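Below is one structure, written out as structure tokens; the observations come after it.
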Amino acid sequence: MKPARQEVPYGTLDLIVLKTLEAMGPLHGYAIARRIEQVAQGSLALNQGTLYPALLRLEQKGWISSKWGASGTNRRARFFSITRAGRKQLAAEAEAWADTVTMVNRLLEEQS
Amino acid sequence: MTVLRVISSRLKALFAGARSDAELDEDVQAHLDLLAEEHLRRGLSPAAARAAARRDFGGVEQMKEAYRDQRGVPLLESLLQDLRHAGRALRRSPGSTLVAVVTIALGIFGPTVTFTMAKAWILDPLPFARPDELVDLRALDTVSGNRRGLNAADFLEWQNSARSFEEMAGYRQAEARWTGTDGAEHLRGAAVTPGFFKLLGIEARWGRLFDPSETGAEHSNLVVISHLMWRERLHGDPAAVGATLRLDGEDHTVIGVLPESFQFTLLGRCDVWRPLLFTPEQAADRRGTAMVGLARLRRGRTLEEARHELTQMAAAAATAYPDTNGHRGVRVLSLADEVRVHHDLGFIVPVMFVMVAFVLLIACFNTTSVMLARASTRRQEMAVRLALGASRSRIVRQWLVEHVLLFVASSAIGAALAVYGADWITNSIPVESRQYLRNYAALPVDRTVVLFALAVGALCGVLFGWVAARTSAEADVATDLRDASTRSTPGRKGARLRASLAISEVALALAVLICAGLLVRTGHNITRVDVGFEPRPLLTFQLRLDPLHYATPPEMRSFYERLTRDLLGRPGVAGAAAGSLLPFGQSGNRAEVFPEGSPETPPSETPSVFLNEVTADYGRTLGLRLLRGRLLEAGDGADAPRVALASETLVERYFPGQDPLGRRFRLGRGDDNLWTIVGVVGDVKNFEAIDPREPEAYVPFAQRPRRGMTVVLRASGDPEMLAPTARAAVAALDPAEPIAEMASMDSRIHRVTAPYQTTAAFVAFFGAVTLLLAAVGVYGVVSYSFAQRTREIGIRMALGARRADVAWLVLGQIRTFLAWAVLPGLLLAWGLGHALRAMLVGVTPTDWSMYLSMTLLLALVALVAAFVPARRAMSIDPMTALHDE
């Protein structure tokens, strides 16, 4: 049996999107969703629609920017790319995430 | 930084709503298409592929909603939505919206006009440098509590040694006789100590003003002129500076022109300003009362400290000079307060405010009532919205927005109307009186006033919107939805609220009407006050003979005797006389009086009377009431025994319980002449229509001649028509003698009564508005309640009720209103009436006939207002009424 598919942990969607854009360069919404599902290898249940408010939020904060371009099938689509501020933010959030994970792991090990 | 970026991005989105909605749609569509293609590739049918794509994507609409919330400013957006919705709702029922708009505009109009008056005359800072530090200094009669002018000695002592002040100046009224190229003319003017203008922080428009160091006698021939004088008489020529003006027979050099905006209301309009300098003899004078002091507080000193210091100095002077300073205290007020005291109209403003506030409240009650009536027809809309998930707070907000929109928009109209109201008030003030009001009584409706109107409107909107909202947000969804089909019972709460609004409205209206009635009757009485003489039709004018040409008593005597004789012979003149103290002439001399045999008491304890030197025909020309003895006659000439007329009050006060005829008294200190009372005349109002009674003595002009007199003519027709006759007569005697202040007695009296009449007209207008609003209010409530009871009335009539029974229903409702409203209304009127007491003439604040007649008037209007819906109710056809449901 497949492990139960999990919701995206609260607050990590931003981090995931930023990391994806950093790794893959400019992508449109569909491609971002696809990429996240690939990496998660089926362990993540992503309502692809929830991506758009998150993208807007990141854009408002100035961490990503968007530009209209043609998608693979020659359809107009918005392409998002990470900005300099976004890279800085990604580094900071990744570090914070690593710290959190280390801390939680240590806690779990002590308990067991 | 990030926060700023987010805010600016959100605000931008607010104005790009539709465009970014389209962009999002495009994004989503592209995404869905790509998803569907993927599913197609996996072998699904096109329809199934599209469905799968939607499933993967999740709820499109929820996402869009979350996206919009994220994008813009949700509160603001829904507020805009509320506004649009409110605008639509108001447009949907244009009739009741129009009623509400007119009602509120009329309601706001009153407070706005009143605020304009308060602002222009009371609240605005005086147009001088650091006006808060300016102080007005006068003497105080500690016996009577009246303010008095200062004398030079006291003033100079204060100026030299008082430590509470940075600077001190003094001024007094000083008219001037200007001999120009086209003859002589009297100019209003003032004499001011050289530091006066610097103290006020006034700079010359042209030339310069007095320098505080110019205290030497050699500077006495300098003069500063007003902007008006410069423009009207000196042709607005800058070269007027340095010119020579012949004033009071001496050449004066014009050193400067005052700025156009300069006005010192305590002095009225002054055209020539001369330096007030003291000879050593004048500087020692402790008797005078003509000066007023003006000072600037030293920084850090308070008015209280200054008052304390001067009080101590006055006490020391009282010990040192008991004769003159015995009962003399000091009166120290901030200049702003002194100006307020002088503005007679200032005292009306607070009472007006209360009255117009009541009218505004009535207007608000009415409007809320109308809105509630509309609300109950919108109950189903509200219920549906609630059922569909609108939060109650959203409904409350909708109400608030609707009210505030309506109130603020109507307030703007009210503020626009206030421009006309303010103009009307200014125009109702006699031109002669305007010089004593700030800005010559102009009442600008400026930005502050408009903001005030809008703010009051917004406040009322929030307040009453909230009341209305609370009632309607308590809607019970289930019942209201069900009621949609039956429409039988109106919302109980709304109905009760509307009834209590109507009752409060009627109570307030009653109070406003009664007070308005009292003031209107005052305005009516004031023109019919017994002034002690026959004021119509009289023409008056002043002469102040040139001291160079009329140096001796016989010359003065002969001039006025010839003038009155000449005038009497001219057509249209029924009587001609002259007096030194003409009623309503604004000035008068007092003289100390010592009844024969009583010792010469110190001035502080000596009674004084108004002294009127009159020509032989004065009593007959004015129509004085002779109570005893005889009037003065031509026989009481220069060489005849000295005789006098005494006023009723003089006799009562100084010869109580005695036969006054034949009694003698001396006039003025050190004057040994004895004057014998030959007649007693009734009291005359000399200054105000409601003057306190003051003793007055009349003595023959022939026995006490003077240069300055007021001539009075009794006309056989319109007194104004006699003006050319009067000018011709004076010119025939001496073409160089200028005439001043030519005016009919009627217009002189009008200057004094105008504030009362203005008030009366103002409140009469609001009384009418109140009556109208009350009628609309009662009509609204009654007709609404009958509309709600159509079915009930239909059943009653089907069961045999007659029309009269229906009429009784209406009467019953009116009776309930009145029963609840009358007592509070009367109590309110009683309280307000007592606050008005000082302004009432010839009517008491508890005049029962006024209370009764206004109550009846209001009841009558309520009945008439209820009659229309009642007729409609009576003509209900039971069949139709029941079928309609």
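In plain terms, if you count all Cα to Cα distances in the range B:502-582 and split them into 10 Å steps from zero, the share in each step is 13, 26, 19, 14, 12, 9, 6, 2 percent. Cross-link partners for A:K67 among the aspartates and glutamates, with Cα-Cα distance under 14 Å and sequence neighbours closer than 8 places in the same chain left out: A:E59, B:E23, B:E26, B:D27. The residue list B:A317, B:L372, B:Q282 was ranked by how far each Cα lies along the charge dipole of chain B toward its positive end, using unit charges on Cβ atoms, and B:L372 comes out on top. Shown for the range A:29-51: residues covered by the partner protein chains by 20 Å² or more of accessible area relative to the chain by itself (probe radius 1.4 Å), namely A:Y30, A:R34, A:N47, A:Q48, A:G49.
Rounded to the nearest 20 debye, what is the charge dipole size of the range B:672-818 about its Cα centre when +1 sits on each Lys and Arg Cβ and -1 on each Asp and Glu Cβ?
Once rounded to the nearest 20, the dipole reads 1100 debye.
Its Kirkwood hydrodynamic radius, worked out from the mean inverse distance over all distinct Cα pairs, puts the range B:726-792 at 17.5 Å.
Karplus-derived 3J(HN,Hα) values for the range B:716-733, using 6.51 cos²θ - 1.76 cosθ + 1.60 with θ = phi - 60°, are 8, x, 5, x, 4, 5, 7, 3, x, 4, 4, 4, 5, 5, 5, 4, 5, 7 Hz; glycine and proline are entered as x. What does the charge add up to near B:V843, with Lys and Arg as +1, Asp and Glu as -1, over the other residues with Cβ less than 15 Å from its Cβ? Result for the neighbourhood of B:V843: +2. For the range B:96-186, trypsin sites (Lys or Arg not before Pro) are listed when DSSP marks them as loop and at most 11 other Cβ atoms sit within 10 Å of their Cβ; the list is B:R163. Counting charges near A:F80 (Lys, Arg +1; Asp, Glu -1) among other residues having Cβ under 11 Å from its Cβ returns a value of 0. What the phi angles of the range B:253-260 give under the Karplus curve with 6.51, -1.76 and 1.60, with θ = phi - 60°, is a coupling list of 9, 6, 9, x, 10, 6, x, 4 Hz, glycine and proline written as x.
In debye to the nearest 20, how big a dipole does chain B give about its Cα centre with +1 on each Lys and Arg Cβ and -1 on each Asp and Glu Cβ?
Charge dipole, chain B, about its Cα centre: 3640 debye, nearest 20.
The mean accessible area for residues of chain B, using a 1.4 Å probe and ignoring ligands and nucleic acids, is 45 Å² per residue.
Charging the Cβ of each Asp and Glu at -1 and of each Lys and Arg at +1, and nothing else, the dipole of the protein assembly as shown about its Cα centre rounds to 4580 debye.
For the range B:112-211, the square roots a ≥ b ≥ c of the C-alpha gyration tensor eigenvalues yield an a/c under 1.5, which makes the shape rounded. Length available on full extension from B:R496 to B:N427: 0.36 nm per residue minus the Cα-Cα distance, which gives 20.3 nm. Which whole-angstrom value gives the distance between the alpha carbon centres of the range B:296-373 and the range B:653-705? Result: 35 Å between the Cα centres.
Spherically averaged projected area of the convex hull of Cα atoms, the protein assembly as shown: 67.0 nm². Are there any residues in the range B:18-47 with a reduction of at least 20 Å² in accessible surface when going from the isolated chain to the assembly of protein chains? Probe 1.4 Å, please list them by number. Relative to the lone chain, where solvent access is computed with a 1.4 Å probe, the range B:18-47 loses at least 20 Å² at B:E23, B:E26, B:D27, B:A30, B:H31, B:D33, B:L34, B:L35, B:E37, B:E38. Surface composition of the protein assembly as shown: carbon plus sulfur atoms contribute 58% of the solvent-accessible area (1.4 Å probe, protein chains only, all chains present). Its DSSP H runs of at least 4 residues, each contributing -39,500 (n - 2.57), put the calculated 222 nm mean residue ellipticity of chain B at -18000 deg cm²/dmol, to the nearest 500. Expressed as a fraction of 2.2 N^0.38 Å, the C-alpha radius of gyration for the range B:660-744 is 1.45.
Within the set of other residues whose C-beta is less than 13 Å from the C-beta of B:V609, count the net charge using Lys and Arg as +1 and Asp and Glu as -1. After counting each charged neighbour, the total is -3. For the range B:677-693, 3J(HN,Hα) computed residue by residue from phi via the Karplus equation (6.51, -1.76, 1.60; θ = phi - 60°) reads 6, 10, x, 10, 10, x, 5, 10, 7, 9, 10, 10, 5, 10, 3, x, 5 Hz, glycine and proline entered as x. Note on chain B: semi-axes of the ellipsoid equivalent to its C-alpha gyration tensor, largest first and rounded to whole Å, are 72, 38, 24. Placing unit charges on the Cβ atoms of the charged side chains and taking the dipole of the range B:1-144 about its Cα centre, the candidate lying farthest along the positive direction among B:P131, B:S144, B:M117 is B:M117. Between the helical axis of B:17-41 and the longest alpha-carbon principal axis of chain B there is an angle of about 20 degrees.
Within the same chain, aspartates and glutamates fewer than 8 places from B:K119 are excluded, and of the rest, those with a Cα less than 17 Å from its Cα are B:D132, B:D337, B:E338, B:D344, B:D423, B:D446. When accessible surface is computed with a 1.4 Å probe, chains B and A are found to bury approximately 2300 Å² between them, both chains counted.
The values are calculated or read from the model by the stated rules, or taken from the named source; none is laboratory data. The structure displayed is predicted, hence computed values, not measured ones. Ideal geometry is used to build each Cβ from the backbone, glycine not excepted, and the neighbour counts take in all protein chains shown. What goes into the accessible areas is simple: the full protein's heavy atoms, side chains included, and nothing from ligands, DNA or RNA. Shrake-Rupley method; radii C 1.70, N 1.55, O 1.52, S 1.80 Å.
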